[in-house]
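Below is one structure, written out as structure tokens; the observations come after it.
The values are calculated or read from the model by the stated rules, or taken from the named source; none is laboratory data. Since we're looking at a predicted model, the values are computed, not measured. Quick reminder, even Gly has a Cβ in these numbers, built from the backbone with ideal geometry, and neighbours come from all protein chains shown.
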């Protein structure tokens, strides 16, 4: 065995040892507080309740929003919106007008839509290289936007969700502009036009054939199928991430630890309570438990949505919290789990750290903006 292989094995063993320490240490700490049987029962019961009460509800929304998005695309509404938004793209985002189509596509679906679009010859030829790279941040800021807005409106907070949408737009401006600035500062040579590649003749097409009835019917069915795929894709995030976050967020029931769903050790509120004045001033959070939503959005906004029904049942949220949740949920929308893959597909994985820094600040700007917009509007 050579030295390189030996060093690799040593690193892997160290990694395995650290993982086991952290894994068993974490669950030993939780089990010591809750009791091992109660902890295991709570994990199972919470996952089960999330699946029945939240996942299927979100899936219903993704199916309906998928059908709506496909209809809007099929009958030219997306193209019309693109034309209307084009004049705003350059002065606001420093992006060519066609970038509006990318924002609309991710709003109607999810983050990866921007990358599949960015690889289209007749789309990316309008961009300089640093602008194309910044689409990772621009598109992510609107990922699953329609689902998030409809979900919040369905909980009775439609007005707050609209304010949150405005906040996410502000966050996207901060994130996109900052990413462009950091990219050019590190790699000035990226201020160049995209080179057209021979043989890449695939075009963005919105052409349709058939009668209006058949086009409408096919759009509804195809969009609904896409919604099912998206709904299935969020199940792991909701069940795994939300369950873990809930255990760290909520405390025991009135009877103590019984192994019921939604019990926990309330660690996050305890830590957040130490600096709650910061969250209260920035986001207007009156309860430290609410910080769990933006934290969960870092990994998956679908998982973060799973927290809302419990927060609402506990009486912890108001319109301001929903506005902030919508803004930060849309703007972050699981960027920690998608930015690396998105930039890698564009061939610029080395810029991942800059994209993450830019988007972290953009998400914070989105939440802060939504809070203060809601605050000033509620004064009148």
Report summary line: The residue that is nearest to the chain's Cα centre (by Cα), considering only those in the stretch 197-207 that are surrounded by fewer than 10 Cβ atoms within 10 Å (Cβ to Cβ) and modelled with pLDDT of 50 or more, is 205
Report task. Tell me which of these residue 82 doesn't satisfy, since it passes every other one: (1) touching a helix residue (DSSP H, G or I) at 6+ places or on another chain (Cβ under 6 Å); (2) at pLDDT 80 or above; (3) surrounded by fewer than 21 Cβ atoms within 10 Å (Cβ to Cβ). Result -> (2)
Query raised in the report: Take the residues of the stretch 316-359 that are at positive phi and touching a helix residue (DSSP H, G or I) at 6+ places or on another chain (Cβ under 7 Å): which is surrounded by the most Cβ atoms within 10 Å (Cβ to Cβ)?
Result: 333
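Where in the stretch 259-321 are there helices (runs of 4 or more DSSP H), lying wholly inside it, with at least 2 residues that are closer than 25 Å to residue 379 by Cβ and in contact (Cβ under 8 Å) with a residue 60 or more places away in the chain?
On the way: elements: 267-274, 276-283, 292-297, 301-305, 308-313.
Per the criteria, 276-283.
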Query raised in the report: Say we look at the stretch 17-70 and pick out the residues that are touching a helix residue (DSSP H, G or I) at 6+ places or on another chain (Cβ under 8 Å) and farther than 21 Å from residue 241 by Cβ; which of these is surrounded by the fewest Cβ atoms within 10 Å (Cβ to Cβ)?
Result: 64
Query raised in the report: Under the condition of being part of a loop (DSSP other than H, G, I, E, B) and in contact (Cβ under 8 Å) with a residue 24 or more places away in the chain, which residue from the stretch 140-173 is surrounded by the fewest Cβ atoms within 10 Å (Cβ to Cβ)?
Result: 155
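Which one of these is modelled with pLDDT under 85, surrounded by fewer than 16 Cβ atoms within 10 Å (Cβ to Cβ) and in contact with a helix residue (DSSP H, G or I) (Cβ under 6 Å, 6 or more places away or on another chain): 273, 237, 231, 299? Walk me through how you get there before you give the answer.
Working: 237 fails: surrounded by fewer than 16 Cβ atoms within 10 Å (Cβ to Cβ); 231 fails: surrounded by fewer than 16 Cβ atoms within 10 Å (Cβ to Cβ); 299 fails: surrounded by fewer than 16 Cβ atoms within 10 Å (Cβ to Cβ).
Exactly one of 273, 237, 231, 299 is modelled with pLDDT under 85, surrounded by fewer than 16 Cβ atoms within 10 Å (Cβ to Cβ) and in contact with a helix residue (DSSP H, G or I) (Cβ under 6 Å, 6 or more places away or on another chain), namely 273.
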